[in-house]
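The values are calculated or read from the model by the stated rules, or taken from the named source; none is laboratory data. If you're wondering where the values come from, they're calculated on a predicted model, not measured in any experiment. Please note: Cβ atoms are built from the backbone with ideal geometry, for glycine as well, and neighbour counts cover all protein chains shown.
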């Protein structure tokens, strides 16, 4: 089982120091949140049952691939995840180029978490139709996959239209960096099963996971795609008992904060790496049965 750290749960001024320490201590990954812009007047939430955004409009937001490239230059093993990248807000040329650059600079350490978005006003600010986001995300992914793998690419779709182009260099991670699909609805499960290598549930309690995990496995089998989807779950107490339960439920990676106070992050991280991490890394994740 893998362990990731949530960069959103600490001050950005600490991200570099924490990531370097995590790399040295054997933590598998760090995960960075992403938005293009936060409108002042906003509604909705990624969390079921909540009517207002969980973040203020003046929150500090950084370009995710620029910052992760900065962290990659200081490390050697740790992976870099987006939790999650709003792929529908950008042209796939921009997304594919940014992901490829980070993948090359990090020598294949990218974990691309993507989502269809929940913040309508962010789409309004960019001038895009929020109601089309699902179709736009699907098409953006389709174009990115072609750019990452094909020598010559031509595309004529609903949202993106271009004649033959070439896209070089290709990512280090072939056929492309792993795509982890965030979300809980049928479309997210379909994407995770058919185009993704991972699924990031956003509103599922651990005990609710077996059913959607089985659904993803079924959809993947029906599509004739081999291999299982990697499940990444955020939150939870960083104890061995917690991780044992998650592994039994089918979780491959837990994103946790192994300290109670940010001021004590180093002591907490070092204690976790010494006393818990080796046993967690030895855990075998239960795979779904068809």
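Name the residue, out of 40, 110, 59, 20, that is in contact with a strand residue (DSSP E or B) (Cβ under 9 Å, 6 or more places away or on another chain) and more than 22 Å from residue 204 (Cβ to Cβ).
Result of the check over 40, 110, 59, 20: 110.
Condition check ((1) part of a helix (DSSP H, G or I); (2) modelled with pLDDT under 95; (3) over 29 Å from residue 44 (Cα atoms)) across all residues:
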site: 75; (1), (2), (3): no, no, yes
site: 95; (1), (2), (3): yes, no, no
site: 101; (1), (2), (3): yes, no, yes
site: 108; (1), (2), (3): no, no, yes
site: 113; (1), (2), (3): no, no, no
site: 118; (1), (2), (3): no, yes, no
site: 128; (1), (2), (3): no, no, no
site: 131; (1), (2), (3): yes, no, no
site: 137; (1), (2), (3): yes, no, no
The listed residue being part of a strand (DSSP E or B) and either more than 19 Å from residue 95 (Cβ to Cβ) or modelled with pLDDT of 95 or more (or both), out of 145, 189, 233: 233
Return the residues of the stretch 1-43 that are surrounded by 14 or more Cβ atoms within 10 Å (Cβ to Cβ), part of a loop (DSSP other than H, G, I, E, B) and more than 20 Å from the chain's Cα centre (by Cα); say none if nothing qualifies. 39, 42
Mind checking which residues of the stretch 144-171 are under 18 Å from the mean Cα position of the chain (by Cα) and in contact (Cβ under 8 Å) with a residue 60 or more places away in the chain? 171
